[in-house]
1. Within 15 Å of the ligand (Cβ to nearest atom) and open to solvent by 30 Å² or more (accessible area, probe 1.4 Å) - does that describe any residue in segment 7-18?
2. Between residues in segment 160-177 that are modelled with pLDDT under 95 and residues that are open to solvent by 50 Å² or more (accessible area, probe 1.4 Å), which pairs lie under 6 Å by C-beta distance while being six or more apart or on different chains?
3. Looking at segment 31-59, which of its residues are of a type in the set (D, E, K, R) and open to solvent by less than 60 Å² (accessible area, probe 1.4 Å)?
4. Quick one: count up the residues across segment 56-73 that are aromatic (Phe, Trp, Tyr) and within 21 Å of SER24 (Cα to Cα).
5. Given the criterion among the basic types (Lys, Arg) and within 10 Å of the ligand (Cβ to nearest atom), identify the matching residue among ARG116, ARG34.
6. For residues that are at pLDDT 95 or above, open to solvent by 40 Å² or more (accessible area, probe 1.4 Å), more than 10 Å from the ligand (Cβ to nearest atom) and among the charged types (D, E, K, R), tally how many sit in segment 84-103.
7. Among the residues of segment 19-64, count how many are touching a Phe, Trp or Tyr at 6+ places or on another chain (Cβ under 8 Å), assigned to a strand (DSSP E or B) and more than 24 Å from VAL100 (Cα to Cα).
8. If SER71 passes every condition in (1) within 11 Å of the ligand (Cβ to nearest atom); (2) within 25 Å of GLN135 (Cα to Cα); (3) in a strand (DSSP E or B); (4) in contact with a Phe, Trp or Tyr (Cβ under 8 Å, 6 or more places away or on another chain) but one, which one does it miss?
Amino acid sequence: GRLFVNRVFHISAEKMFDLLFTDSSFMRRFMDIRKIIGASSTSWQKEASGGMKRTLNYTITITNPLAGKFSTATETQTLYKESREGQYYMIDSEVYTHDVPYHDYFYTQNRYCIIRNSKHKCRLRIYTDVKYKKQPWGLVKSFISKNSWSGLEDYFRHLEAELLEEEAELTQGSGDS
Ligand code: YK8
């Protein structure tokens, strides 16, 4: 896998969780810019294992010429029971893109760690892996991974940039350090 984001933000851990994992205006705006449309989400629900789960459905707009212009996607997010509100959050997200070539071969697993650094700061880590449901032959596998990595890199670079903008707005004149 790859570590796409690893940075300290001047945003509390709790706020970071709210921005990324609730129906926040930040996330709605970000999806708008990425042309991710028709998003719907279940609420966070308690699991027997002690963790929490929610499922999102949306349609992504694709710029890769090798795929169609749109694909529906399902994202299942699991908040691990080891998470501690305001301190430490670990979320695994599995994303299935249903309408891209070879969609029955792969999915994407993203791991988000939000770690409290101080009252107003947290570290965000986003680690991504392309997983295979069935073993494709070598040529297909490298085709899938090459095209997935480029799309994922673009997405998470952009997310990081938007979070930095949000940080600038939030700290604007607040005097927090
Ligand atoms: C989530 C992984 C692959 C897919 C895409 C496929 C190209 C076609 C591959 C063929 C377009 C928001 C991606 C990047 C679309 C976007 C997905 C996002 C960024 C030619 C073999 C959507 C995180 C996420 C996970 C998987 C990404 C797709 O929050 O290249």
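The values are calculated or read from the model by the stated rules, or taken from the named source; none is laboratory data. Quantities reported herein were computed from a predicted structural model and do not represent experimental measurements. Note: ideal-geometry Cβ built from the backbone for every residue, glycine included; neighbour counts use all protein chains shown. These area figures cover heavy atoms from the full protein model, side chains too; ligands, DNA and RNA do not enter into them. Shrake-Rupley method; radii C 1.70, N 1.55, O 1.52, S 1.80 Å.
1. no
2. Pairs found: ASP176/HIS120.
3. ARG34, ARG54
4. Let us first name the residues in segment 56-73 that are aromatic (Phe, Trp, Tyr), namely 58, 70.
Filter once more, so that each one left must be within 21 Å of SER24 (Cα to Cα): 58.
Count: 1.
5. Exactly one residue qualifies, and that residue is ARG34.
6. So the answer is 0.
7. Total meeting the criteria: 2.
8. (4)
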